[in-house]
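Below: one structure, written as structure tokens.
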Amino acid sequence: ASYFSTQGSTLPAARKTGRLEVRTNAIVEKVAYDKETRRATGVHVIDSQTDERLFFSSKLVFLCASTLGSTQILLNSRSEAFPDGLANSSGALGKYLMDHTMAAGAFAVMPGYDDVITRGHRPNGIYIPRFRNLSPAEESGDMGFVRGYGYQGMAMRLQGFPALAQPGFGADWKKSLTGFGPWAMFLSGFGECLPSEANRVKLSERARDRWGIPQLDIRFEWSENELAMYRDIGQEAVAMLEAAGGVHVSPLSQTPPPGGVGIHEMGTARMGRDPRTSVLGSHCQAHDVQNLFVTDGACMTSSACQNPSLTYMALTARACAFAARQLEGGAYA
């Protein structure tokens with residue numbers, strides 16, 4: 001998914017239909033709602049260049065503004081019918097924020113292969129799938145945490161490593177910086193974050209942007225489960241690299257960076273079968289507003305440990321197919 005680009009795939013396909021209009025410099029302020037029809041009627045936007053406020057009406061509204069962006073819009077779309085945010089009769093909107101733990105793992109120098117040099121390219125990365133807690137018996141054991149993690153890794157030559165490892169100055173030392181050092185291997189784990197009601201976002205009572213739109217107040221902490229998993233990620237990475245013959249093996253980090261560093265924000269408008277405990281149904285359709293869909297990470301109910309982009313794309317394709325069938329059947333007439 002890291003090589004995916006809407007500019008090279010989905011946008012050209014949409015453009016070929018002759019029905020695409022791309023509105024740039026448009027900041028969505030809120031979604032309009034008609035309490036009589038119980039439907040969304042369009043979006044209020046602000047032109048960031050002119051400050052002009054505009055309204056675009058629509059039979060269907062799809063929010064795909066990123067996890068926190070979509071939730072901010074919904075929370076700001078308050079009305080008499082939904083005083084706590086649009087489609088929020090459950091009270092779940094803004095709750096169960098998740099991200100992946102990252103920066104845990106290890107680094108090692110790998111002896112040998114001194115005659116192997118890459119030019120104009122580098123070795124591809126590797127992925128080690130989750131191997132912890134794969135059975136109910138294992139997960140109920142003494143691992144110290146539930147769920148698991150996967151590793152992303154890469155090999156590279158440490159250019160300038162010999163010179164950087166010792167002090168020096170002058171032309172000879174400077175020249176040594178351009179030389180090839182030994183091969184090294186990195187293993188970095190991405191750990192699953194459990195959904196917690198305490199990890200949430202809400203509209204700030206004080207912070208607003210230049211257009212007066214309330215910003216998000218974010219509360220997020222790693223649980224003991226994530227912290228125990230983080231420690232295991234580092235320990236296992238060290239053990240793997242030592243078993244592979246690595247030297248100077250060292251863990252990457254002992255404590256996880258704050259949530260958000262993984263840039264895999266998920267949750268806050270989660271899917272579910274029960275409208276009393278979730279915001280969206282299985283097709284990313286709002287329980288409370290049938291012509292409103294949220295097709296980004298906000299819909300996620302759990303985080304797993306894999307990069308989520310392909311899952312977002314699959315859920316979006318399913319939601320669009322469902323909405324198209326509904327539209328053809330006259331559901332939104």
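Every number in this text was worked out from the coordinates using simple rules, so none of it is lab data. The model shown is predicted, which means the values in this text are computed figures rather than measured ones. In this analysis, Cβ positions are derived from the backbone assuming ideal geometry, glycine residues included, and neighbour counts consider all displayed protein chains.
A compact table of results
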{"quantity": "Residue in region 227-236 that is part of a loop (DSSP other than H, G, I, E, B) and either more than 30 Å from Val116 (Cβ to Cβ) or of a type outside the set (D, E, K, R) (or both) present", "calculated": "no"}
{"quantity": "Answer residue from region 257-298, given it is out of contact with any helix residue (DSSP H, G or I) (no Cβ under 8 Å at 6 or more places or on another chain) and not in a loop (DSSP other than H, G, I, E, B) and is nearest to Leu227 (Cα to Cα) among those", "calculated": "Ala286"}
{"quantity": "Residue check for Gln290: of a type outside the set (A, V, I, L, M) and within 27 Å of Pro83 (Cβ to Cβ)", "calculated": "yes"}
{"quantity": "Members of region 239-256 found to be touching a residue at least 40 places away in the same chain (Cβ under 8 Å) and part of a loop (DSSP other than H, G, I, E, B), listed by number", "calculated": "Ala244, Gly245, Gly246, Leu252, Ser253, Pro256"}
{"quantity": "Pair list, Cβ under 7 Å, 6 or more apart: region 315-333 residue under 19 Å from Leu63 (Cα atoms), other residue surrounded by fewer than 16 Cβ atoms within 10 Å (Cβ to Cβ)", "calculated": "Gln326/Tyr332; Tyr332/Lys59"}
{"quantity": "Matching option when the condition is farther than 24 Å from Gln254 by Cβ, surrounded by 18 or more Cβ atoms within 10 Å (Cβ to Cβ) and hydrophobic (A, V, I, L, M, F, W, C), among Ala104, Ala92, Ala137, Ala108", "calculated": "Ala92"}
{"quantity": "Within region 113-205, strands (runs of 3 or more DSSP E) holding 1 or more residues that are among the basic types (Lys, Arg)", "calculated": "149-157"}
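Residue by residue, here is whether (1) under 30 Å from Ala331 (Cα atoms); (2) surrounded by fewer than 13 Cβ atoms within 10 Å (Cβ to Cβ); (3) in contact with a Phe, Trp or Tyr (Cβ under 9 Å, 6 or more places away or on another chain) holds:
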{"position": "Glu192", "(1), (2), (3)": "no, no, yes"}
{"position": "Ala198", "(1), (2), (3)": "no, yes, yes"}
{"position": "Ile218", "(1), (2), (3)": "no, no, no"}
{"position": "Ala228", "(1), (2), (3)": "no, no, yes"}
{"position": "Val261", "(1), (2), (3)": "no, no, no"}
{"position": "His264", "(1), (2), (3)": "no, no, yes"}
{"position": "Thr268", "(1), (2), (3)": "yes, no, yes"}
{"position": "Leu280", "(1), (2), (3)": "yes, no, yes"}
{"position": "Phe293", "(1), (2), (3)": "yes, no, yes"}
